[in-house]
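Structure record follows, encoded as structure tokens.
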Amino acid sequence: MGLLEGKNALIFGLANERSIAWGITQAFKREGANLGISYAGEMLEKRVRPLAEQVGCQWVEECDVTKDDQIKLVAEKAAKHFGKIDVLVHSIAFAGKDELSRPFHETSREGFRNALDISVYSFVALTHAFLPCLNPGASVMCLTYGSGAVKVAPHYNVMGVAKAALESATRYLAYDLGPQKIRVNSISAGPIRTLAAAGVAGFRDMYKHFADAAPLRENVTIEDVGDTAVFLASDLSKRVTGEIQYIDSGFNIMGVQIGDKEEKAG
């Protein structure tokens, strides 16, 4: 019997088979969850629906998280289909390409607003909209990047600021929902080659450096993140809330990073 047997789990933000959300979806399916998937817009539908079919997902809905009426509507549809929800996953982030390629001090007001609205407020809005149909003991989670939220990741810019706000929102939501026995946590994964990562200037170099600098000397996969999400979604983590769960081969513990080079005798 799977760890999520009988639980209803909704995943927001699936884009394609390289998405972190896809790693989470597959892991939830493996552990017996009843799945629901939401995607961002019409352009992604042709990629998302075949993936939903792969995992036998019957509930697939579009949702523009910048629109409160759409969030409310999708919450109503989910309540009608599933009844109660046990797991809610927010895997949504956005910043304009210009904001991720020029210096941070050149961030536009509109670019800042968009990044915070889509990457942070949507998590608050989704949690609020789904609250009436969340079961006691439910697990809510989002995806962050702690190395860019609490430290500087070159070129991450306004997304780093957004992730810092998202991590703070996680703690405040955990406080609000705690009396109802609903847990709220963030997963901070190491760099993964996703559609979102492709928009960050210098990502390829950062990805190469990561495996050399992390204690485990390994990159992280969407499957690794899926396994961590299963833990946070399951009763194994029933006393865990307000946490930033790192899954980054230990990279976040490092201060000074010095490459280990074997000296060879001449």
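Is it true that Ser188 is within 13 Å of the chain's Cα centre (by Cα), of a type in the set (S, T, N, Q), more than 15 Å from Phe12 (Cα to Cα) and surrounded by 21 or more Cβ atoms within 10 Å (Cβ to Cβ)?
When the stated conditions are applied, Ser188 passes them.
Please go through region 100-157 and pick out each residue that is buried (at least 19 other Cβ atoms within 10 Å of the Cβ) and of a type in the set (Val, Ile, Thr).
Thr107, Ile118, Val120, Thr127, Val140, Thr144
Across region 82-93, what is the total count of residues that are crowded, with 19+ Cβ neighbours inside 10 Å and in a loop (DSSP other than H, G, I, E, B)?
Of the residues in region 82-93, 3 are crowded, with 19+ Cβ neighbours inside 10 Å and in a loop (DSSP other than H, G, I, E, B).
Which pairs turn up if I take residues in region 39-54 that are surrounded by 13 or more Cβ atoms within 10 Å (Cβ to Cβ) and look for partners that are assigned to a helix (DSSP H, G or I) with beta carbon separation below 7 Å, at least 6 apart in sequence or on another chain?
Tyr39/Glu45; Tyr39/Val48; Leu51/Trp22
Quick note: the coordinates plus some simple rules give every number you see, no bench work behind them. Model, not experiment: these values are computed from the prediction. Neighbour counts are summed over all protein chains in view; Cβ atoms, including those assigned to glycine, are modelled from backbone coordinates with ideal geometry.
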